[in-house]
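What follows is a set of notes on a single structure, which appears directly below.
The values are calculated or read from the model by the stated rules, or taken from the named source; none is laboratory data. Computed from a prediction, not measured in an experiment: that's the story for all the values here. Cβ coordinates were reconstructed from backbone atoms using ideal geometry, including for glycine residues, and neighbour counts include every protein chain displayed. Note: areas computed on protein heavy atoms with side chains; ligands, DNA, RNA excluded. Shrake-Rupley method; radii C 1.70, N 1.55, O 1.52, S 1.80 Å.
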Amino acid sequence: MQFTKEDFGQEFKWGVSTAAYQIEGSHDVDGKGFSIWDTFSNKLKRIAGNQNGNISCDHYNRYTGDITLIYKLSIPNYRFSVSWSRILPQGTGAVNQSGIDFYNRKIDLCLELGIEPWITLYHWDLPEALQQKGGWTNREVVTWFSNFTACCAEHFGDRVKHWIILNEPMVFTGAGYFLGVHAPGKKGLSNFLAAAHHAALCQAEGGRIVRELVYDSKVGTTFSYSHIDPFSQDEKDIRAAKKVDALLNRMFLEPLLGMGYPIGDLKILKRIEKFMLPGDAEMLAFDMDFIGLQNYTREIVKHSFFTPFVKARIVKADQRDVERTVMNWEVYPPSIYNALKRFNSYPAVKEIIVTENGAAFQDLIVAGEVRDTQRIKFLHDHIEQVLLAKKEGVRVMGYFVWTLLDNFEWAEGFYPRFGLVHVDFETQKRVVKASGIWYRDFIRCKGREDIIDHKL
Ligand code: FCB
């Protein structure tokens, strides 16, 4: 189908997303405290090749150039996260004025250039001082997070109107407190369920605080979502797919919508009740102005007797002979369409914004250019699916590419490149990829996928 930006309507929000730990660097300057990712990478050395985000894209010092690039690419909305330990080095208590000043400079520059800033409060970098007290497994995190939220709302709420409470709670509690592959590297069902329940409380509580303190706010929170298909039509595989879907796609969304945890389809979740206090069921619910959908791929799920708790496993893309990215994620554009339809089927979801979508490919600089045609096709095909859903009445009102710059990709380090802009991590040189130009032309409504003009 041929389409242009106009088909989405004037109100539709086009944007790009980043996260503090992945781009800022300057992990120990100007009064910043350590976060769990500083510890995980520097002390526990848990990242591929012992890499860390100490410097990363050096965005802390180069934000002017980076935001100017967003301007040159004509991207009208910029979603970024604030580093909790840059603002509150101990996680709670004394405010670090240099941290506030940094984000004020970022916000002011965006506004000066006509770019709407969207703040994510939590994109996975918990202050290490709070992890020392149990981090997300300690119920006190609800108070710590509430104070941090109020602090950001008070300092930035006069100029920032779009707020996102949490980034993908399933990923940071699952990878960080169950599998131990993300910071803080904890494992086990008990750690996971405690962290998950407290995160679910925080997502609703954070929403309430922002709505109360920020005049005219639009508040939302994000969820990872991958469409899930069973490996076969065998009943065992179908049951396994349903359980994984409840865990990965519904566990945080449904309590927010007042439906409670999806225990009916995943019995093990009953154990989360151990961490619930009277009144929690109500406290988990909040009517967000929008729901952020983050989609990259689909998953194929197979029954697996040996996998504890869920008795299911994911069959990775390389075992299925399908097109895949360097993350070993299948390229499957209908996944975003299915995700949108699914979110839309909940009457309590008012509006959906795709807050992340993108892909990592092997981007090589050849004669000073990166001709990342695979990424252009990926973005084109996914945006097309968004339009398809929108035309069918889905309440989707925005689309943000992940991400502006190649950066520190969590446990994988710097190898997967997701950016619209190539970064040479030795020299910090930025080169806009062909996909960046494509996105610019699409947003400017000048061109389609066949237009690759490398000049900014
Ligand atoms: C999402 C994260 C984001 C980035 C992309 C590839 O799960 O929110 O920080 O790592 O995946």
Review point. Among all residue pairs at least 6 apart or on different chains, which show Cβ distances below 6 Å where the first residue, located in the range 259-279, is open to solvent by 50 Å² or more (accessible area, probe 1.4 Å) and the second is in a helix (DSSP H, G or I)?
Key: Asp265/Lys242; Asp265/Ala246; Lys270/Ile263; Arg271/Leu193
Point to revise | Pairs with Cβ under 7 Å, 6+ apart, first in the range 383-410 and assigned to a strand (DSSP E or B) and within 12 Å of the ligand (Cβ to nearest atom), second aromatic (Phe, Trp, Tyr) and open to solvent by less than 10 Å² (accessible area, probe 1.4 Å) | key: Val401/Tyr439; Trp402/Phe418
Check your understanding: Inside the range 229-250, can you point out the residues that are within 16 Å of the ligand (Cβ to nearest atom) and of a type outside the set (S, T, N, Q)?
Key -> Leu247, Leu248
Review point. What residue, among those in the range 208-223 that are within 19 Å of the chain's Cα centre (by Cα) and not β-branched (Val, Ile, Thr), is nearest to Met170 (Cα to Cα)?
Key: Phe223
Practice item. Could you tell me which numbered condition Pro278 fails, if it satisfies all but one of (1) at negative phi; (2) touching a Phe, Trp or Tyr at 6+ places or on another chain (Cβ under 7 Å)? Key: (2)
Review point. What pairs come up if the first residue lies in the range 103-120 and is within 14 Å of Gly65 (Cα to Cα), the second is in a helix (DSSP H, G or I) and open to solvent by 10 Å² or more (accessible area, probe 1.4 Å), and their beta carbons are under 6 Å apart, counting only those six or more places apart or on different chains?
Key: Lys106/Tyr63; Leu113/Tyr71
Check your understanding: Which of the residues that make up the range 109-135 are more than 16 Å from the ligand (Cβ to nearest atom) and buried (at least 18 other Cβ atoms within 10 Å of the Cβ)?
Key -> Leu109, Cys110, Ile115, Pro117, Pro127, Glu128, Ala129, Leu130, Gln131, Gly135
Check your understanding: Does Arg375 fit the bill of being in contact (Cβ under 8 Å) with a residue 12 or more places away in the chain, part of a helix (DSSP H, G or I), within 16 Å of the ligand (Cβ to nearest atom) and buried (at least 22 other Cβ atoms within 10 Å of the Cβ)?
Key -> yes
Exercise for review: Inspect all residues belonging to the range 412-427 and state whether any of them is in a loop (DSSP other than H, G, I, E, B), open to solvent by less than 10 Å² (accessible area, probe 1.4 Å) and of a type in the set (S, T, N, Q).
Suggested key: no
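Kindly indicate whether any position in the range 202-225 is polar (S, T, N, Q), within 16 Å of the ligand (Cβ to nearest atom) and surrounded by fewer than 24 Cβ atoms within 10 Å (Cβ to Cβ).
There is at least one residue in the range 202-225 that is polar (S, T, N, Q), within 16 Å of the ligand (Cβ to nearest atom) and surrounded by fewer than 24 Cβ atoms within 10 Å (Cβ to Cβ).
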